[in-house]
Every structure is written in structure tokens, then in C-alpha cells.
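Scroll down for the structure; my scribbles are underneath it.
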Amino acid sequence: MVGPSRIWREAPSRYRFLGNRCTVCEEVYFPPRQICPKCRRASIGRMEPIQLSGNGEVVTYTVVYDPAVGHELLTPYILAIVKLDEGPRVTSQIVGAGLSEIMIGSRVKTVLRKLREEKGGGEDGGSGDGSGVITYGYKFVLDGQS
Amino acid sequence: MASIVSYGSYIPRFRVEGGEISRVWGRDLRVGVMTKAIPGPDEDTITMATESARNCLRSVDLDLGKVRALYIGSESHPYAVKPSGTVVAEALGITPDLYMADLEFACKAGSTAIIICSSQVDSGLIEYGLAIGADKAQSSTVDELEFATGSGAASFLIGKKGIVDIESMKSYTTDTPDFWRRDVQKYPSHGGRFTGEPAYFRHVTECAELLMSTMGTEAKDFKYAVFHQPNLKFPSSVGKKLGFKEEQLRPGLLVPEIGNAYAASSLLGLTAALDASEPGDRVLLVSYGSGAGSDAFQLYVNDEIVKFREVKNSRGIRNTSSYIEEKEVLDYSIYAKYSGRYRI
Ligand SMILES: [Zn+2]
């Protein structure tokens with residue numbers, strides 16, 4: 001179970017792609033890092049928050065037929081590695097698109113979606129008991145779909 | 001008075017056809033809704049409100065720190081206790097120097113958010129405020145409502161100078177129990193025929209007439225009029241009764257394509273009417289919320305809308321008609337799955 005405090009701490013990055021940048025080597029990180037793994041000690045105190053665009057490109061993807069708990073209603077769903085325009089790669093669902101529409105290299109953009117509900121999900125009584133905290137975060141849609 | 005500085009809409013891509021619902025239940029209770037908009041299982045009022053607000057804020061160049069208020073009107077806030085607006089505000093990056101509350105007044109809570117934002121702008125308390133109507137409309141099965149309820153969100157950025165001036169606004173409120181949902185109940189209940197004459201028609205008509213008599217305007221002074229759209233018949237008849245012609249109603253009448261999006265219903269209609277407007281046009285907006293009340297607005301589209309539209313198009317921000325046109329029609333079983341009607 002993911003506690004409310006972790007959800008709260010990670011909210012700015014998960015809700016709106018707040019990353020950070022090492023001002024020594026200019027590398028951009030998402031999620032944000034405490035120090036730059038390349039510059040190490042030299043980057044201490046020189047990491048700067050940066051607002052990422054949330055736009056990117058599909059590097060590779062797979063179709064998930066055996067869902068994680070709480071994702072039953074979405075199955076089958078597309079899980080992709082997306083390379084953000086600023087550099088970092090993230091693994092995320094691509095929603096909205098039919099399976100036939102997505103391709104390697106497809107342009108995608110971020111949307112806010114429900115990621116999970118504690119105790120299972122299904123706010124209308126689907127698969128969960130509807131009592132837990134709801135976690136929101138980014139997913140992607142094909143560019144032009146939202 | 002204050003002005004609409006920007007607006008944005010969001011309609012989920014999934015649809016179910018009225019004929020498909022009647023095929024399953026063997027009863028045809030269609031009310032002029034050909035298809036209704038269905039959110040994906042990972043969408044709700046918070047996510048749809050956020051998408052419409054992002055479209056709204058991305059259409060203008062604005063220091064987000066100046067947006068100092070956020071009000072979301074909805075009948076389907078995901079939590080009974082814990083606001084929707086906090087998540088939306090964080091996702092937009094407009095916290096923490098912010099006036100914020102979730103609003104509830106059935107289908108008119110979104111238009112009331114506009115009233116609150118413009119009042120705060122007019123008082124000088126804030127420079128900009130964001131008013132949102134959003135709903136994932138609930139309905140029980142085998143009910144007239146199941147054929148009518150849609151989903152979506154519309155956001156309006158309110159400030160001193162914008163693209164659509166609010167010339168006047170009025171509210172009309174009485175205690176009328178036509179439609180309700182008690183705490184913990186999943187689906188709303190309604191008073192059948194009682195929802196018409198003493199509820200919708202009385203409040204919409206009285207509120208519109210009150211506004212127009214104050215302003216000395218008549219139906220012919222407006223290019224378009226937008227009314228709350230619980231079905232096709234109600235807004236069509238109330239418009240006719242108030243002296244509006246069909247062509248004044250058509251651009252803002254979205255209920256045949258998306259259904260009744262509750263707190264987003266008349267506001268999405270307004271976004272579509274504004275998309276069709278030219279400088280110098282006047283638009284009348286009258287919402288309706290069960291319980292019951294109406295908000296009416298006399299709006300004047302100024303020259304700035306031309307530039308606004310250019311910027312919005314150049315940034316690839318979708319307008320309401322694009323959301324209406326791009327759709328994926330579901331059969332009843334997938335619709336039932338997406339709406340959480342199965343126990344897993
Ligand atoms: Zn570095």
C-alpha cells in the first residue's frame with residue numbers, strides 16, 4: 001500500500017511533470033533526483049527544478065492482458081516507454097488510443113488520470129470497496145487526442 | 001463587470017448509443033440523446049476538470065501565479081470529504097496562494113463558480129479566477145436518466161479584461177425537491193414529471209426574464225442562447241417560449257451528441273456557442289440546478305476573441321467540436337464495465 005504521505009510528496013512530479021536539471025552537465029531528470037548521478041558531489045546544491053512539457057515519443061510498447069490488481073477495467077491496456085522531449089524516459093500507460101493506432105515513434109502528450117485506488121479500485125463499486133485514497137498521475141494519449 | 005479571459009473544454013472520447021441501451025433493456029426511454037459521452041475507467045470529475053482547465057490556461061499567456069481562485073462545480077466529486085479542487089490546483093501548478101472550494105448545486109454549480117470568480121475579480125480581491133463545471137454523470141439502470149446522462153468538463157478563466165464581457169448576471173433560487181441524491185447513495189432519484197414545469201421551466205424562464213428585463217434586452221438582441229440540457233425537449237421548448245429561434249439555440253445544443261453532462265452541460269454548450277461567435281455578438285446563458293435554481297448571464301463577445309482563437313488554434317488546443325467529432329462508440333457491455341457496473 002502506498003501511504004498518503006508518499007502520494008503527497010510526489011504529487012508535483014506526478015501531477016504536472018515537475019522534473020529537475022543538473023546545472024553542471026545540463027542533464028534533465030524525471031522524477032527529480034537529489035543529486036546528478038554523473039556529476040555526483042559537484043551537483044550538490046546545483047539541481048534546479050524544471051517544468052517539463054509532458055510531450056514525447058513512444059520508444060517501445062507492449063499490450064498488457066494480465067493486469068495488475070486495480071487495472072481490470074482497463075484491460076487490455078498499453079504500457080509504453082516514452083522519451084520526453086527534454087530527455088528523460090518514463091514508463092506509463094497510453095490511453096484513448098485503440099491498439100491499432102499506436103506505433104513506435106508516435107507523438108504523445110500527457111493527461112491526468114486516476115492511477116489507482118487503495119483497496120482495489122472501482123469507485124462505483126467495481127472492484128474495490130471505494131473507501132481508500134485515490135492516486136492521480138500522468139498517463140499519455142496520442143497527440144491530438146486531448 | 002468581469003470578463004471571460006479564456007475557456008477550455010473536455011469531453012471523453014467514448015460514446016454509447018441510445019439505441020444500444022434500449023436494445024439491452026427492451027425499452028426505449030430515449031429523450032433526444034443519440035449518443036452520450038462516457039469517461040474511461042480511469043477518468044473522473046478531477047481528471048476531466050484538469051484537462052479542460054489545461055486547455056483553458058494553455059490558450060493564453062499568463063503568469064499562473066496570478067490565478068488566485070479555483071471553484072469546481074460538480075455532482076460527482078470523487079470524495080464526499082476531501083476537495084476535488086486541491087488535486088486540480090496542484091496539477092495546474094496554481095497552489096498555494098489560492099482561494100478554493102468545491103461547489104455543489106446539482107447541474108448549476110459550475111455557472112455559480114463563474115459568479116463567485118467574477119465577484120472576486122470585481123471586488124479587486126483577485127486578478128484571475130478559474131471556474132469549472134465538471135461531471136461524470138451518474139444514473140441507475142433502466143431509467144430515463146440512463147439514456148440521458150453524459151460527461152465532460154468546461155473551464156472559464158475570469159479576469160478584468162478578456163474576450164467575452166459579462167454584462168450582467170442573475171440568480172433565481174427556490175426550494176423545489178425535483179431531483180436529489182442522498183449521502184452514500186450511488187445514483188440520484190428524481191420526481192418524474194415534477195422535474196418539468198415547476199422545476200426546470202419555472203426557474204430557467206423566470207431567471208432569464210429577470211435578467212433581460214433588468215438589462216432591457218430581448219431574444220432578438222442575442223446571437224445565441226444556451227440553456228441547461230437535461231434532454232432535447234426542455235432547452236428547445238424553453239428557448240421557444242422565451243422567443244428564441246432554432247438557429248439561435250443550435251450551436252450551443254450539445255445534448256444529442258454527448259448527453260446531459262450535469263454541471264458541465266450548459267457550460268459546454270456555452271463553449272460551443274462561443275466557438276461559433278464573432279465580435280459584437282451577445283450570448284445568453286441560463287443554467288439550471290435541481291433543488292432548485294438558475295443562473296443567467298448576458299455576455300458580449302468583444303474583438304479580442306479573434307486573436308484568442310488564432311493563438312488557441314496555433315497551439316493545437318482542441319475546441320469543443322473536435323471533442324464531439326472524435327469518438328469511439330462502445331457496446332453496452334464495455335460501457336457497463338467502464339461505468340463500474342460489474343463486481344470484480
Ligand atoms: Zn550533472
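The values are calculated or read from the model by the stated rules, or taken from the named source; none is laboratory data. This structure is a prediction, so every number in the text was calculated from the model and none was measured. Cβ atoms come from the backbone with ideal geometry, glycine included; neighbour counts cover every protein chain shown.
Residue selection: A:P31 fails the criterion of being within 12 Å of another protein chain (Cβ to nearest Cβ), of a type outside the set (G, A, S) and under 29 Å from A:G144 (Cβ atoms).
Checked against the criteria, A:A42 counts as within 16 Å of the ligand (Cβ to nearest atom) and out of contact with any helix residue (DSSP H, G or I) (no Cβ under 8 Å at 6 or more places or on another chain). The combined condition, being crowded, with 17+ Cβ neighbours inside 10 Å, of a type outside the set (F, W, Y) and either in contact (Cβ under 8 Å) with a residue 24 or more places away in the chain or more than 11 Å from every other protein chain (Cβ to nearest Cβ) (or both), is fulfilled by B:V16. Which of the following residues is of a type in the set (S, T, Y), buried (at least 21 other Cβ atoms within 10 Å of the Cβ) and in the same structural domain as B:R30 (by TED's automatic domain parsing): B:S140, B:S155, B:S119? Criteria check complete, one pass: B:S155. The residue that is surrounded by the most Cβ atoms within 10 Å (Cβ to Cβ), among those in region A:23-36 that are near the ligand (Cβ under 8 Å from one of its atoms) and of a type outside the set (V, I, T), is A:C36. Taken over region B:181-226, the criterion of being touching a residue at least 12 places away in the same chain (Cβ under 8 Å), surrounded by fewer than 12 Cβ atoms within 10 Å (Cβ to Cβ) and of a type in the set (K, R) is satisfied by B:K220 alone. The C-beta contact set for region A:9-22 (first residue farther than 14 Å from A:I35 by Cβ and within 16 Å of the ligand (Cβ to nearest atom), second residue in a strand (DSSP E or B) and of a type outside the set (G, A, S), distance under 6 angstrom, 6+ apart or interchain) comprises A:G19/A:V28; A:G19/A:Y29; A:G19/A:I50. Considering A:E117, A:E86, the condition of being touching a strand residue (DSSP E or B) at 6+ places or on another chain (Cβ under 7 Å) and at pLDDT below 95 is satisfied by A:E117 alone. For region B:77-97, a residue qualifies if it is assigned to a helix (DSSP H, G or I), buried (at least 22 other Cβ atoms within 10 Å of the Cβ) and either small (G, A, S) or touching a Phe, Trp or Tyr at 6+ places or on another chain (Cβ under 7 Å) (or both), and the qualifying residues are B:G85, B:V87, B:A89, B:A91. Has region B:43-52 got any residue that is more than 10 Å from chain A (Cβ to nearest Cβ), of a type in the set (D, E, K, R) and touching a residue at least 24 places away in the same chain (Cβ under 8 Å)? Within region B:43-52, not a single residue is more than 10 Å from chain A (Cβ to nearest Cβ), of a type in the set (D, E, K, R) and touching a residue at least 24 places away in the same chain (Cβ under 8 Å).
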